[in-house]
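Below: one structure, written as structure tokens.
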Amino acid sequence: MDGEVAVELVKLDTALADPAKEGSVRVDGEPAGQPMGRIVLRRGHMALLPAHSAYRFTAERPSVILLQTIQGDDTIERWAEICLS
Amino acid sequence: MTDTAIPAVHASEPNAEGYREFTIGGFHFRRDEFFAHVTWPTGTHVMSIDGFLRALQRDVAWDFFYGTVNFDGVFGTVNHYGTVDMFAGRYNDSYRKAELDHFENFPTPEIRATFEAMLDDWTINGFDPFASPAETAKPFGVKTGSNTAAVTRRRVTASRMVGVPGDEAIRTDATHPINRMFADVPQDEPDVDAEPGFEDEVCAFNLFAYLSRSDVTWNPSVVSQCKASLYCPTTEEYILPIIHGNDRVEWFVQMSDQIIWDVQDRDTGAVRAKVTMKAGDVAAMPGDIRHQGYSPKRSMLLVWENASPELPELIRSGKTSVYPVDF
């Protein structure tokens, strides 16, 4: 949405979660697997995060992304604090 | 009136203005030079043909969408995902109190065929119901040709994401020139460096550039899917031609410019809120409202839909809230 964000993708050697599990799960340390590639996104850009792969975002300055995902372990619901009511 | 050979569509011969009249159940539809006339067993209604065709185009293209598509405060459809209610005055307090309201339920293929035939017959050469009023000819007058290519546009529905090999293609100058109001939108593409063998999975594109090349307005297109989560961005200009009645929560992210929303009670039309969204604003439309937007300049809006088929019943049964947030 704003700024610049790099996305690194890794094809995991071993699944870290049940394939039926929804949402994302945290990977501790470096993920074991084959590098899939790297994407650099700027304002208005959109990228695919493939299922059952590991991803990592890096940004050299404050940037904003909007993540389309499914509710899971990493979900934090803060709309009640953020929204005008 | 005689039935044509079109299966399941009851259409007349052309009337004095050259347009066919259509009948489905107890509803009858007639157009003249300026208006659409709708009659049902307990009443009649008239709409500008401009607004009627713009609403009809959305109802057809979206296959009756999620929930209620109000053409205006009187006439519309409710999607039951397999069947569709056609109603007149059903969600209008005055019609209800006067007992003039009426609705009938039809199998989706039957009402779809009737609406498709009516849209094609009533849209004249040069008029594009999906286009901004500033970018199309007028719909008025006697029957002069048709615009079948415009009214049968294929809707963008990416199964993974636009730009992924085998999925919806990126727009280019050859197919979609940049819209006059988005001439300042950067057209740069992301840097994509895929390792060999992962070209189909390491993918990105410029969504804003893609939207800057949209040739339609108020037409959410699916650019990415994550199971039932659909990103449906759209470009808006002038007025949303329908009043959308929600059967689930809908999230809006205003990505450029500004839209003013009128929000009403879904079933009665009582005023609930006016929401002015500027670039960067996020809003959730509850599952029990109807809304209509006004976009003074062409703007980019991300409509974030939850397509889970069980949602309407979960809300009806009270198992899921019509609100996305508990304060």
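Do we have any residue at all in the stretch A:6-15 that's without any contact (Cβ under 8 Å) to a residue 40 or more places away in the chain, at the interface with chain B (Cβ under 9 Å from one of its Cβ atoms) and closer than 29 Å to B:SER212 by Cβ? Don't jump to the end; show me each part of the working.
Taking the stretch A:6-15 first, the residues without any contact (Cβ under 8 Å) to a residue 40 or more places away in the chain are A:13-15.
Then keep just the ones that are at the interface with chain B (Cβ under 9 Å from one of its Cβ atoms); that gives none.
No: zero hits.
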Would you mind telling me which numbered condition in (1) surrounded by fewer than 13 Cβ atoms within 10 Å (Cβ to Cβ); (2) outside any loop (DSSP other than H, G, I, E, B) A:GLY37 fails? (1)
When you go through B:ASP262, B:ASP247 one by one, which is the residue that is over 20 Å from B:VAL156 (Cβ atoms), part of a strand (DSSP E or B) and not assigned by TED's automatic domain parsing to the domain that holds B:THR68? B:ASP262
The lone exception for B:GLY26 - which of (1) surrounded by fewer than 20 Cβ atoms within 10 Å (Cβ to Cβ); (2) out of contact with any Phe, Trp or Tyr (no Cβ under 7 Å at 6 or more places or on another chain) it fails: (2)
If you take the residues in the stretch B:153-167 that are assigned to a loop (DSSP other than H, G, I, E, B), away from every other protein chain (no Cβ under 12 Å) and not aliphatic (A, V, I, L, M), which one is nearest to B:LEU119 (Cα to Cα)? B:ARG153
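Just checking: which of the strands (runs of 3 or more DSSP E) contained wholly in the stretch B:45-147 hold 1 or more residues that are of a type in the set (A, V, I, L, M, F, W, C) and surrounded by fewer than 20 Cβ atoms within 10 Å (Cβ to Cβ)? Give the steps one after another, and end with the answer.
Numbers: elements: B:68-70, B:75-79, B:83-88, B:102-107.
Filter on the stretch B:45-147 gives B:102-107.
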Does B:ILE242 count as farther than 18 Å from B:THR68 by Cβ, away from chain A (no Cβ under 14 Å), crowded, with 18+ Cβ neighbours inside 10 Å and among the hydrophobic types (A, V, I, L, M, F, W, C)? no
So, in the stretch A:40-63, exactly how many residues are over 18 Å from B:ALA209 (Cβ atoms) and either touching an Asp or Glu at 6+ places or on another chain (Cβ under 9 Å) or exposed (fewer than 13 other Cβ atoms within 10 Å of the Cβ) (or both)? 14
So, in the stretch A:50-75, of the ones that are within 23 Å of B:PRO233 (Cβ to Cβ) and not in a loop (DSSP other than H, G, I, E, B), which residue ends up nearest to the other protein chains (Cβ to nearest Cβ)? A:VAL64
Might you check whether a residue that is touching a residue at least 40 places away in the same chain (Cβ under 8 Å) and of a type in the set (S, T, N, Q) occurs anywhere in the stretch A:28-51? no
Can you confirm whether the stretch B:258-275 contains a residue that is surrounded by fewer than 20 Cβ atoms within 10 Å (Cβ to Cβ), closer than 29 Å to B:ALA134 by Cα, aliphatic (A, V, I, L, M) and more than 19 Å from the chain's Cα centre (by Cα)? yes
Just one listed residue, out of B:VAL222, B:VAL322, is within 30 Å of A:SER24 (Cβ to Cβ), surrounded by 15 or more Cβ atoms within 10 Å (Cβ to Cβ), of a type in the set (Val, Ile, Thr) and within 12 Å of another protein chain (Cβ to nearest Cβ), and it is B:VAL222
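Which residues, counting only those in the stretch B:82-135, are among the hydrophobic types (A, V, I, L, M, F, W, C) and either within 30 Å of B:ARG180 (Cβ to Cβ) or more than 18 Å from the chain's Cα centre (by Cα) (or both)?
Narrowing the stretch B:82-135 to residues among the hydrophobic types (A, V, I, L, M, F, W, C): B:84, B:86-88, B:98, B:100, B:103, B:106, B:111, B:113, B:115, B:117-119, B:122, B:124, B:127, B:130-131, B:134.
If the condition is that a residue be among the hydrophobic types (A, V, I, L, M, F, W, C) and either within 30 Å of B:ARG180 (Cβ to Cβ) or more than 18 Å from the chain's Cα centre (by Cα) (or both), then B:ALA88, B:ALA98, B:LEU100, B:PHE103, B:PHE106, B:LEU119, B:TRP122, B:ILE124, B:PHE127, B:PHE130, B:ALA131, B:ALA134 are the ones that fit.
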Tell me, yes or no, whether the stretch B:189-198 has at least one residue that is closer than 29 Å to B:VAL249 by Cβ, in a strand (DSSP E or B) and facing another protein chain (nearest Cβ under 8 Å). no
Would you mind finding the one in B:ALA149, B:ALA88, B:ALA117, B:ALA134 that is out of contact with any strand residue (DSSP E or B) (no Cβ under 9 Å at 6 or more places or on another chain) and hydrophobic (A, V, I, L, M, F, W, C)? B:ALA149
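The values are calculated or read from the model by the stated rules, or taken from the named source; none is laboratory data. Owing to the predicted nature of the structure, the values given are computational and were not obtained by experimental measurement. Counting neighbours? That spans all protein chains shown, and the Cβs are built from the backbone with ideal geometry, glycine included.
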